[in-house]
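Each reported figure results from applying straightforward, stated rules to the coordinates on display, with no laboratory input. A quick note: this is a predicted structure, and the numbers were derived from the prediction, not measured. Here Cβ is always computed from backbone atoms with ideal geometry, including for glycine, and neighbour counts include all displayed protein chains.
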Amino acid sequence: MVNKIHHVPNMILIGSTARNSGKTTMAVAIIQRYKEKYPVIGVKVTTIAKKNGGCIRGGDGCGVCSSLSGDFEISEELNKSGNKDTSMLLASGADKVYWLKVLHSHTYEGFEALLKKIPKDALIVCESNSLRKVVKPGLFVMVKNTEDNQLKKTAKEVIDQADIVFENYFQDDFDELINEIDIRMNLSKDVSR
């Protein structure tokens, strides 16, 4: 079986080796850097193993995994003042922010549906490890949590495909990284796909 891949050169995909690694903080910094230059769309992807399954983090969880009614759901974040990751992306200046909740087996189709909502000239800043299996982004940055040596299963599956592995020492200083993104994605030009 051949894996289908979406080629999305206008996407910066941010993955992480562990929870609380700084993905959202990095995404916020990237959005703030480019929001005046491009339309920027923020995306968070939650991949769910199976319908009505337990929380991937253990315990009762937040209900996202158990409440998925179809193969995927796309919701738009409208609240800039909340404390969710999607709210922070919107508050940082993204034009729109979407949350894709998707069964692992339908990641390609879920992302395809999401892509139809995004203008072709937008810079997409997306948080996900699993999405790398079905998307070839313009740049894939893996955030390595220097305070937690674990390697999430989803990170282990895609870390070898990272264009940049960023060791986060939690200084919230992403200037050097963003300059590297600028060069590698040639963001002085049009970002259309």
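Among the listed pairs 4/156; 120/144; 120/156; 84/144; 4/84; 4/120, give every one whose C-alpha distance is greater than 24 Å. 120/144; 120/156; 4/84, as the Cα separations exceed 24 Å there.
When the chain is treated as a GNM with alpha-carbon contacts under 10 Å, the residue of 178, 159, 124 showing the greatest mean-square fluctuation is 178. With θ taken as phi - 60° and the Karplus curve 6.51 cos²θ - 1.76 cosθ + 1.60 applied, the whole-hertz 3J(HN,Hα) list for segment 95-109 is 5, 8, 9, 10, 10, 9, 9, 9, 5, 3, 6, 10, 4, 4, 5 Hz, x standing for glycine and proline. Each listed q (0.09 Å⁻¹) maps to a log10 I(q)/I(0) for segment 6-185 from the Debye sum over equal C-alpha point scatterers, namely -0.28.
Pairs of Cα atoms under 8 Å, at least six residues apart: use those to get the relative contact order of the chain, whole percent.
Working: 380 pairs, mean separation 68.2, N = 193.
Over the chain, the number comes to 35 percent.
Site pair residue 109 and residue 186 shows an inter-label distance of 3.6 nm when each label is modelled 7 Å from Cα along Cα→Cβ. Modelled spin-label separation between residue 167 and residue 91, with each label point placed 7 Å from Cα along the Cα-to-Cβ direction: 3.1 nm.
Among 168, 79, 149, the residue with the largest mean-square fluctuation in a Gaussian network model of the chain, with springs joining Cα atoms closer than 10 Å, is 149.
By count of other Cβ within 10 Å, fewest leading, how are 104, 6 ordered? Present the calculation step by step, with values, prior to reporting the outcome.
On the way: 104 13, 6 17.
Ordered from fewest to most neighbouring Cβ atoms within 10 Å, 104, 6 come out as 104, 6.
Here the chain carries DSSP beta bridges of which approximately 15% are antiparallel, counting only pairs with both residues inside. Look at the alpha carbon pairs under 8 Å that are at least 6 residues apart: their mean separation over the length of segment 78-117 gives a relative contact order of 24 percent. Only the Cβ atoms of Lys and Arg (+1) and of Asp and Glu (-1) were treated as charged; on that basis the dipole of segment 109-188 about its Cα centre amounts to roughly 600 debye.
Using r as the Cβ-Cβ distance of residue 121 and residue 156, and R0 as 30 Å, what FRET efficiency do you calculate, to the nearest 0.05? Provide the component values of the computation, followed by the final result.
Numbers: r = 34 Å, r/R0 = 1.15.
That gives a FRET efficiency of 0.30.
Applying 0.36 nm per residue to the separation of residue 74 and residue 49 and subtracting their alpha-carbon distance, the gain on full extension is 7.3 nm.
Helix-only arithmetic for the chain: the sum of -39500 (n - 2.57) across DSSP H runs with n ≥ 4, divided by the residue total, places the mean residue ellipticity at 222 nm at -7000 deg cm²/dmol. Derived scalar couplings between HN and Hα for segment 27-37 equal 4, 4, 4, 5, 4, 4, 5, 10, 4, 7, 9 Hz in order, rounded to whole Hz, by the Karplus curve 6.51 cos²θ - 1.76 cosθ + 1.60 (θ = phi - 60°), x for Gly and Pro. Name the residue, out of 75, 87, 128, whose mean-square fluctuation peaks in a Gaussian network model built on the chain with Cα pairs under 10 Å. Judging by the Gaussian network model, the answer is 75.
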